[in-house]
1. Starting from residues that are over 21 Å from I182 (Cβ atoms) and of a type in the set (G, A, S), keep the ones in segment 15-50 and report whichever is most open to solvent (accessible area, probe 1.4 Å).
2. Does segment 221-253 hold any residues that are aromatic (F, W, Y) and either open to solvent by less than 60 Å² (accessible area, probe 1.4 Å) or in contact with a strand residue (DSSP E or B) (Cβ under 6 Å, 6 or more places away or on another chain) (or both), and which are they?
3. I'd like the full set of residues that are away from ligand 2 (no atom under 14 Å from the Cβ), open to solvent by less than 100 Å² (accessible area, probe 1.4 Å) and not in a helix (DSSP H, G or I), limited to segment 192-206.
4. State all residues of segment 83-98 that are in a loop (DSSP other than H, G, I, E, B), more than 12 Å from ligand 1 (Cβ to nearest atom) and touching a helix residue (DSSP H, G or I) at 6+ places or on another chain (Cβ under 6 Å); if no residue qualifies, say none.
5. Using the structure shown, decide if R169 is among the charged types (D, E, K, R), over 22 Å from I84 (Cβ atoms) and surrounded by 14 or more Cβ atoms within 10 Å (Cβ to Cβ).
6. If you check every pair at least six apart or on different chains, which have Cβ atoms under 8 Å apart with a residue in segment 46-61 that is farther than 30 Å from M109 by Cβ first and a residue that is assigned to a strand (DSSP E or B) and hydrophobic (A, V, I, L, M, F, W, C) second?
7. Do the conditions hold for I114, that is, is it within 21 Å of R63 (Cα to Cα), among the β-branched types (V, I, T) and within 15 Å of ligand 2 (Cβ to nearest atom)?
8. Using the structure shown, decide if K158 is in contact (Cβ under 8 Å) with a residue 12 or more places away in the chain, within 16 Å of ligand 2 (Cβ to nearest atom) and not polar (S, T, N, Q).
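The values are calculated or read from the model by the stated rules, or taken from the named source; none is laboratory data. A quick note: this is a predicted structure, and the numbers were derived from the prediction, not measured. When we count neighbours, we look across all protein chains shown, and the Cβ atoms used for this are built from the backbone with ideal geometry, even at glycine. All accessible areas refer to the heavy atoms of the entire protein, side chains included, with ligands and DNA or RNA removed. Shrake-Rupley method; radii C 1.70, N 1.55, O 1.52, S 1.80 Å.
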Amino acid sequence: MKNEKIIITGASSGIGFSCASLFAEKGNNLLLLSRNIEKLKKEAAKWEKDFGIRVDVYSLDVRDYQAIDKLFSQLPDFWNDVDILINNAGLALGLEKIWEGDRTDWDTMIDTNIKGLLYMSRFVVQKMRARNKGHIINIGSIAGTQVYENGVVYCATKAAVKFISDGLRIELVDTPIKVTNIQPGLVETNFSIVRFHNDIKRAEKVYQGIEALSGNDIAEIIYFVADTKPHVQIAEVTVMPTNQASPISIYKK
Ligand code: NDP
Ligand code: 8X3
């Protein structure tokens with residue numbers, strides 16, 4: 001796969017950054033979006049030079065519909081024919097029972113993981129339908145198929161990602177446009193640091209005693225999914241560390 005045009009949300013760290021790095025190395029053009037872009041801009045300049053590709057980086061909060069509208073109205077024509085959208089921006093906040101949960105944490109998760117993904121999809125799928133070509137790759141989670149206590153709202157947002165992916169696939173069934181939902185288990189990124197509001201020690205404990213997946217492991221799977229023949233649509237991928245069997249069934253040494 002080469003010379004494709006790919007949008008990645010949440011490209012500043014973790015899975016999104018690993019995807020950007022891998023797709024760049026393979027010779028694809030990237031439109032990278034996240035709120036923090038300083039470090040990303042430096043990488044982008046390096047990738048452009050090293051791999052002869054175009055990498056555009058914009059600061060964007062996917063919760064802000066007006067900002068997305070403005071971005072798409074001002075994008076260079078180069079981005080009119082986007083091949084792949086990786087809806088990766090997302091987060092978990094907190095680990096509490098519903099009656100103890102922080103309402104602003106809920107709003108942030110719902111606005112980012114569900115509404116942000118919908119907003120981005122609305123703009124990009126319109127363009128893909130006009131060209132009759134494209135692939136939407138959503139980053140769901142095993143938390144979207146099995147709910148666990150203290151994480152109910154996060155799990156509900158990822159269940160929504162599953163149903164949005166399934167529903168969009170149905171709505172696009174008479175087109176060549178593909179929809180994939182990637183459902184990872186434990187991936188060691190900034191995810192737990194964000195979940196625990198910067199409590200790094202607590203975040204580190206999540207990955208102690210188990211070899212978690214890396215962002216690169218997920219990027220390699222996404223690359224495989226994106227590189228299939230036009231008639232092959234991988235609908236879902238569920239991937240966990242070998243010592244994980246469900247969100248709560250985890251063997252730690
Ligand atoms: P990271 O925290 O490392 O990365 C999250 C990315 O999302 C960052 O680039 C962040 O960028 C971006 N982001 C968050 N909020 C917004 C926003 N409002 N607008 C734009 N970008 C935003 O975590 P991961 O890489 O692990 O997470 C990526 C996805 O993978 C998420 O959807 C997560 O739910 C999912 N996932 C993660 C798993 C794990 O165990 N790590 C397992 C299963 C799924 P910035 O802050 O710069 O905006
Ligand atoms: C992240 C995986 O199991 O920590 O989506 O919720 S889990």
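1. A45
2. Y223
3. Listed by number, the list holds a single entry, D199.
4. Listed by number, the list holds a single entry, G94.
5. Answer is no for this residue.
6. If the second residue must be assigned to a strand (DSSP E or B) and hydrophobic (A, V, I, L, M, F, W, C), the pairs left are W47/L30; W47/V55; E48/V55; I53/L30; R54/L30.
7. It is true that I114 is within 21 Å of R63 (Cα to Cα), among the β-branched types (V, I, T) and within 15 Å of ligand 2 (Cβ to nearest atom).
8. yes
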